[in-house]
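The values are calculated or read from the model by the stated rules, or taken from the named source; none is laboratory data. Here the structure is a predicted model, which means the values were calculated and not measured. Virtual Cβ from ideal backbone geometry, glycine too; neighbours counted across all protein chains shown. Accessible surface areas use protein heavy atoms only, side chains included; no ligands, DNA or RNA. Shrake-Rupley method; radii C 1.70, N 1.55, O 1.52, S 1.80 Å.
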Amino acid sequence: MASTALILGATGGFGGEMALALHRHGWQVRALHRNPKQAARRMADMPFIDWVNGDAMKAEEVLEAAVGVDLVVHAVNPPGYRNWAGTVVPMLDNTIAAARAACARILFPGTLYNYGPDAFPFIPEEAPQNPKTRKGKLRAEMERRLRAASEEGVNVLILRAGDFFGGRNAGNNWFAQGLVKPGKKLRSVVYPGPHKVGHNWAYLPDMAETAARLLMRADELPRFAAFHFGGHWLEQGIEIADAVRYAARNPDLPVKRLPWFALMLLSPFVETFREMREMRYLWKEPVRLDNSKLIAFLGHEPHTPLDVAVRRTLADLGCLPDEAVRQATVLA
């Protein structure tokens, strides 16, 4: 019998790509959503997903959805970072309880937010987590709870990555919310940091494929397993803007600075801006994940060339003219 995965957050970037990757590797895929019919219509290109009604904030509904599964993918986040502090820990607690009851493994996408400057610039899995931001402290607390759950018998796999981009549902990230404007043809590209400071990006289809390959060897993993995904390390951070220009076939596309001052002024009124501003420190200095442990375990890391990944991403976001979209589809 095929293994079964329950995905919380399947309509999001990482969750949607995990659904595709797991299906590709022979898994049965179940997904929790408050409006299953709407979700099924929205993701009609994934008819293999078994949508079930439920809310990730309601413990009993997550518990019921997880009956009989082998894996719970915790990819759920409040859209636009709304009420992050009041939702992310309770949702994770519900996932842990459901995984424990089902004897299922938890897959959790980790971030750089857990780390403070004492771990920079090159971060291995065993680096101390001493975050300085509110959001980072919440992420560290979530991983502390996952580790505690593993000590009580729950299998946990954390795959940590840099800033997400790509995937058909990936709109809640720096690329889509900071660099370009989804649904609009490119007039410019915005870059948030100093041009010569390196930056770590994670193309979500590659990250999801990596997670699926780790799960194929789950019997070799310890109770609590954490790996760092290298993704795209750009020594000159501005290279991502150059990749957008190349994808758009417009080498003269203006590159603008992110108006941090405006974000600061608006942050009391716009929660998304407040959360973005808090992460500014990750743009000011190079912060890179050490993926040597992952390479040693898998032998290699799935890696789509940057120009291809950016072109597909812009096409999915509706930022390219029709001819360029057709070319990106050929590359897919």
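Yes/no per residue for (1) part of a loop (DSSP other than H, G, I, E, B); (2) touching an Asp or Glu at 6+ places or on another chain (Cβ under 7 Å):
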{"residue": "Ala149", "(1), (2)": "no, no"}
{"residue": "Leu157", "(1), (2)": "no, no"}
{"residue": "Phe164", "(1), (2)": "no, no"}
{"residue": "Arg168", "(1), (2)": "yes, yes"}
{"residue": "Gly171", "(1), (2)": "yes, no"}
{"residue": "Gln177", "(1), (2)": "no, no"}
{"residue": "Gly183", "(1), (2)": "yes, no"}
{"residue": "Pro205", "(1), (2)": "no, yes"}
**Fill in**
Residue hits (the stretch 194-222; closer than 23 Å to Thr304 by Cβ and open to solvent by 20 Å² or more (accessible area, probe 1.4 Å)) are Pro205, Glu209, Arg213, Met216, Arg217
**Item:** Some residue of the stretch 223-237 being more than 20 Å from Met276 (Cα to Cα), out of contact with any Lys or Arg (no Cβ under 7 Å at 6 or more places or on another chain), open to solvent by less than 30 Å² (accessible area, probe 1.4 Å) and assigned to a helix (DSSP H, G or I)
**Value:** no
**Fill in**
Per the list (1) open to solvent by less than 70 Å² (accessible area, probe 1.4 Å); (2) under 29 Å from Met276 (Cβ atoms), residue check on Leu71 breaks on (2)
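Conditions (1) closer than 26 Å to Glu209 by Cα; (2) open to solvent by 70 Å² or more (accessible area, probe 1.4 Å); (3) out of contact with any Ser or Thr (no Cβ under 9 Å at 6 or more places or on another chain); (4) at pLDDT 95 or above, marked per residue:
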site	(1), (2), (3), (4)
Leu265	no, yes, yes, no
Met276	no, no, no, no
Ser292	yes, no, yes, yes
His300	yes, yes, yes, yes
His303	yes, yes, yes, yes
**Fill in**
Residue set Ala66, Ala59; condition more than 20 Å from Gly13 (Cα to Cα), at pLDDT 95 or above, surrounded by 15 or more Cβ atoms within 10 Å (Cβ to Cβ) and touching a strand residue (DSSP E or B) at 6+ places or on another chain (Cβ under 7 Å); output residue Ala66
**Request:** Could you please let me know if Val270 is modelled with pLDDT under 80, closer than 23 Å to Asn77 by Cα and surrounded by fewer than 18 Cβ atoms within 10 Å (Cβ to Cβ)?
**Result:** yes
**Prompt:** Just wondering, is there one or more residues in the stretch 82-89 that are more than 18 Å from the chain's Cα centre (by Cα), open to solvent by less than 40 Å² (accessible area, probe 1.4 Å) and free of Cβ contacts under 8 Å to residues at least 24 places away in the same chain?
**Reply:** yes
**Qualifying helices (runs of 4 or more DSSP H) (wholly inside the stretch 1-75; at least 3 residues being touching a residue at least 40 places away in the same chain (Cβ under 8 Å) and out of contact with any His (no Cβ under 7 Å at 6 or more places or on another chain))** = 13-24
**Prompt:** Only one of these conditions is not met by Ala332: (1) aliphatic (A, V, I, L, M); (2) open to solvent by 40 Å² or more (accessible area, probe 1.4 Å); (3) at pLDDT 95 or above. Which number is it?
**Reply:** (3)
**Asked** If you scan the stretch 220-263, which residues turn out to be under 27 Å from Gly136 (Cβ atoms), at pLDDT below 95 and either among the charged types (D, E, K, R) or touching a strand residue (DSSP E or B) at 6+ places or on another chain (Cβ under 7 Å) (or both)?
**Response** Arg257, Leu258
**Request:** Please determine, by comparing only the residues of the stretch 174-193 that are in contact with a Leu (Cβ under 8 Å, 6 or more places away or on another chain) and of a type in the set (A, V, I, L, M), which one is surrounded by the fewest Cβ atoms within 10 Å (Cβ to Cβ).
**Result:** Val190
**Item:** Unique residue being over 28 Å from Asp55 (Cβ atoms), at pLDDT 95 or above and in contact with a strand residue (DSSP E or B) (Cβ under 9 Å, 6 or more places away or on another chain) when the list is Pro124, Pro128, Pro109
**Value:** Pro124
**Request:** For Arg144, work out the one condition from (1) surrounded by fewer than 19 Cβ atoms within 10 Å (Cβ to Cβ); (2) farther than 17 Å from Val76 by Cβ; (3) at pLDDT below 95 it doesn't fulfil.
**Result:** (3)
